[in-house]
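Presented below is the structure to which this report refers.
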Amino acid sequence: MIINPAMNSNFGHRWKIALLLSVLAFSLNAATSVLRWPTPAIHDEFSYLLAADTFSQGRLANQTHPFWQHFETFHVFHQPSYASKYPPGQGLILATGQWLVGQPIVGIWILSALTTATCYWMLLGWVSPRWAALGGLLFLVHPGYQIIWGQSYWGGTLAFLGGSLVFGAAAHMRRCPQVFDAIAMSLGALILAISRPYEGFVFCMIIGVVVIVHWWQHGLPAWRALALHAFLPQVMVFLIGGACLANYNYAVTGNWRIMPYQLHESIYGLSPCFLWDQPFEDREYNHAILSEFHHGWGMEIYRKQQSLTGLLETKIAMFESTWNHFFPLPLMLPLLFVPFCHARYKRTVIVVASIAWLSATVTVWNLPHYLAPMSPVLLILVLMGLRQANVWGKKYLNQPRLATLFVAFQIVFFSVCTINYGMAPKDTWQWRRAAIFEQLKSSPGRHLVFVHYRSDHNPHHEWVYNRANIDQSQVVWAREMGAARDRALLEYFQDRKAWVLDADASQPNLEPILRPMDLVLMKH
């Protein structure tokens, strides 16, 4: 076998670029977190942190607490186990950081580094090495990826990684199936299954059709190569991954066919996931705040989309939000040049992006991270526009490096966004919760906090979230449930200092409960 020195040199050069991009991504994420340490605020973030805490302790789920009604909260269920409703992917990433250094956000730093390298590898299958490196840089300086996704706990980056593996492998498998690419594609599909199952499934189906159509038009690979290099490796990966996922479902829900999300919605959900579905049957909740959230905010969005006018208004608003996330102004301008681009893969990229985007609109909610599986394709659209901008700049403006100006604009834009993020005031409710939590952690002993909500409490400002092992937690947050039931919880946690907290006061403060009988006098 003769080894081409040039090919070997290119391979080593590309690995160096991938490594450099990864180091830069890790360093950038770490520096941004130090500038402003991520504090969970969204319901989903707390739920993912529960999953991370569970996994980092070597468990897939937790036992139901005897007083679980006091600890009910959003996106979490307590029967038949105590667990997050979400697929395990994001929780596993956060658990990595928690297990390594005790900080879940470190898992996001590692994920960002890995995703940046994978993004570069994916782009190498579609564009030239120079533009692939530029695409990796654009991922690094994209506020939607590095600040909104990279400095929070509810994710998006993991699904981007899965989409990159699938789309990058597709570029290689269209030419000739190889074992490495088949494994990469199936691993990407599994990552999507444990992060964004619906959107990931649709994306994988689209990419599968793209590969098959290419084979049909340009000739099928040899059957032996197709079976041994593509089909067999993928089946093996899917069997192993499917068995692991089925085992997880069984540990959490008691049934390998029922996902935690399905179980949670059967207990708490009212609004369906898809526009054509009917709402769940009405149900009673143990707490007014849960009822208000599901009957109010959740159903309001669904009902609005039952009329044509409301559907259009909602989808347009969600489209604008998603568009602004993926295409900030410096990356929006290159899209103007895409219609004039003559890249051979232009039609494929536009068709994949359009179908994937449209498939996401049939769900009741459409948030940017729902489209994370297809976001690598959107990055290729930007690169197509940048390359065509250079062509136009050279032809009409005597400026052959017009793309460089757009990239410089994006770097400046990202720098400004990062500074604004770091300097933003810390005066919202999650910072008050974090301050009280730190106050309790620094106090001797262990604590039990009864959280009191007023009638006008915002259900999106949720204080009652706990760790995986409630009894061993230094701070336990509980809902008020009436004097008798609260007294029973106090007796269960008789070794703890007990407090009452008015979460809706202008300056929430802890009021000590000196003895159990004080609960009789509490106003509910």
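The values are calculated or read from the model by the stated rules, or taken from the named source; none is laboratory data. Owing to the predicted nature of the structure, the values given are computational and were not obtained by experimental measurement. With ideal geometry, Cβ positions are generated from the backbone for all residues, glycine too; neighbour counts draw on all protein chains shown. Areas reflect the complete protein model, heavy atoms only, side chains present, ligands, DNA and RNA absent. Shrake-Rupley method; radii C 1.70, N 1.55, O 1.52, S 1.80 Å.
What's the number of the only condition in (1) at pLDDT 95 or above; (2) out of contact with any strand residue (DSSP E or B) (no Cβ under 8 Å at 6 or more places or on another chain) that residue 442 fails to meet?
Failed condition: (1).
Return only the number of the condition from (1) β-branched (Val, Ile, Thr); (2) touching a Gly at 6+ places or on another chain (Cβ under 8 Å); (3) farther than 22 Å from residue 95 by Cβ that residue 211 does not satisfy.
Status for residue 211: all satisfied but (2).
Does residue 450 fit the bill of being among the aromatic types (Phe, Trp, Tyr) and assigned to a helix (DSSP H, G or I)?
Judged against the criteria, residue 450 is not a match.
Can you tell me which residue among 492, 421, 465 is under 28 Å from residue 57 (Cα atoms), touching a helix residue (DSSP H, G or I) at 6+ places or on another chain (Cβ under 9 Å) and at pLDDT 95 or above?
465
So which of 51, 30, 41 is without any contact (Cβ under 8 Å) to a residue 60 or more places away in the chain and under 20 Å from the mean Cα position of the chain (by Cα)?
When all the criteria are applied, what remains is 51.
In this structure, does residue 243 turn out to be part of a helix (DSSP H, G or I) and open to solvent by 50 Å² or more (accessible area, probe 1.4 Å)?
Against the criterion (part of a helix (DSSP H, G or I) and open to solvent by 50 Å² or more (accessible area, probe 1.4 Å)), residue 243 qualifies.
Can you tell me which of 433, 485, 454 is under 14 Å from residue 70 (Cα atoms) and touching a residue at least 24 places away in the same chain (Cβ under 8 Å)?
485
Output the qualifying pairs, or none if there are none: Cβ atoms under 9 angstrom, residues six or more apart or on different chains, first residue in segment 209-223 and open to solvent by 90 Å² or more (accessible area, probe 1.4 Å), second residue among the charged types (D, E, K, R) and not in a helix (DSSP H, G or I).
These pairs meet every condition: 218/174; 218/175.
Before we move on, is residue 407 within 17 Å of residue 137 (Cβ to Cβ), of a type in the set (Val, Ile, Thr), surrounded by 17 or more Cβ atoms within 10 Å (Cβ to Cβ) and touching a Pro at 6+ places or on another chain (Cβ under 6 Å)?
no
All but one of (1) surrounded by 17 or more Cβ atoms within 10 Å (Cβ to Cβ); (2) modelled with pLDDT of 95 or more hold for residue 309; which doesn't?
(1)
When you go through 459, 400 one by one, which is the residue that is farther than 25 Å from residue 512 by Cβ and open to solvent by less than 50 Å² (accessible area, probe 1.4 Å)?
Only one candidate passes the filter, namely 459.
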